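The values are calculated or read from the model by the stated rules, or taken from the named source; none is laboratory data. A quick note: this is a predicted structure, and the numbers were derived from the prediction, not measured. Cβ: placed from backbone, ideal geometry, glycine included. Neighbour counts: every protein chain shown.
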Amino acid sequence: MGVAVGRGRAGVSVVFFGSSEFAIRPLEAIADEISLVVTQPPRPAGRGRRLTRTPVHDRAEQLGLPVEAPARCRDEAFVARVRGLEPLALIVASYGQILPKALLDAAPRGGINLHASLLPKYRGAAPIQRAILNGERTTGVTLMQMDEGCDTGPVIASVETEIGDDETAGELEARLSSLAAELLVGQWASLRDGTYVSIPQDDSLATTAPKMRREDGALRFDEPADLAYRRFRAATPKPGCHLPVGDGYVLVVSARPAGAASLQPGAFVGFEGDAMVVAFAEGTSLAVGSVLPPGKKEMPGRAFVAGRRWRPGERLT
């Protein structure tokens, strides 16, 4: 079922559950305490739909840590495998599956989760993207004691940070990953000794952050450009931001707010440097710096327009 492992290299046995980029810095921060890394199985990704391992899988192997990627972490054989390691705690960061009670009970400290929001706001799979899409000015990282729910357990500690006006989800995720590592290290002694204090969440303040769908990143001309720009930032790099063109879409690689536009929403306005400017609702516009058409290479907005021979006022669809 995997490589036989025992205590972590620092003498403490911790099982680390994580998958996305958010989990990378916490993984690195406590690598010497980890006896096993658990991540999601490889999934098809990219244009070629090739099976791709998670960022955590790759980084864990680089660190010389044993890795397992069970399809279901609730399988009895896997739970028994973790229990046999006698871990002090299960450290979880953006893993992608809800840990069952049998797994949480396998460690004296149970499951300790790092979540990329200020709980109880944005419980769920996509807290970073949803915070940007909703126009939040601040977000953060919460360290919490896990229960059987989805991000519902009591809070141990949290750290808050501002969201940059132009920050994409990918950029914010990298920054929150570093904050998560600092938070985890700062609380490590209390987690190890069992002296930490946790406070129940106020469920009346809870909001959810469902997984981003492709349509969440699709730009809509009947929305103002500030919302379009938030869609771009929230959907970059995943699931990707798409601009309607003709009967299809092109992937938006870069974009920025532009000035007022008197043309109908969905019309080509002109250029700002190499960016093509597109009209949106309420007299607003968005400058699309570069795009990736299906089956082609990335190109500047100006080059894309040249291939279409659009004139100002012509609609993209």
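Of note:
- Among the residues of the range 228-264, those identified as in a helix (DSSP H, G or I) and crowded, with 20+ Cβ neighbours inside 10 Å are Ala228, Tyr229, Arg231, Phe232, Arg233, Ala234, Ala235.
- Filtered residue count, the range 132-147, keeping only those that are farther than 17 Å from His115 by Cα and in contact with a helix residue (DSSP H, G or I) (Cβ under 9 Å, 6 or more places away or on another chain): 3
- Residue in the range 112-134 that is small (Gly, Ala, Ser) and over 15 Å from the mean Cα position of the chain (by Cα) present: no
- Pro294 falls short of the stated requirement of being over 25 Å from Asp165 (Cα atoms), free of Cβ contacts under 8 Å to residues at least 60 places away in the same chain and in the same structural domain as Ile132 (by TED's automatic domain parsing).
- Positions within the range 31-86 being farther than 15 Å from Leu99 by Cβ and charged (D, E, K, R), in sequence order: Asp32, Glu33, Arg43, Arg47, Arg49, Arg50, Arg53, Asp58, Arg59, Glu61, Glu86
- The residue pairs whose first member lies in the range 62-73 and is modelled with pLDDT of 95 or more, whose second member is hydroxyl-bearing (Ser, Thr, Tyr) and not in a loop (DSSP other than H, G, I, E, B), and whose beta carbons are closer than 8 Å, counting only pairs six or more residues apart or on different chains, are Pro66/Ser35.
- Residue satisfying all of: in the range 290-314; charged (D, E, K, R) and outside any loop (DSSP other than H, G, I, E, B); surrounded by the most Cβ atoms within 10 Å (Cβ to Cβ) among these: Arg302
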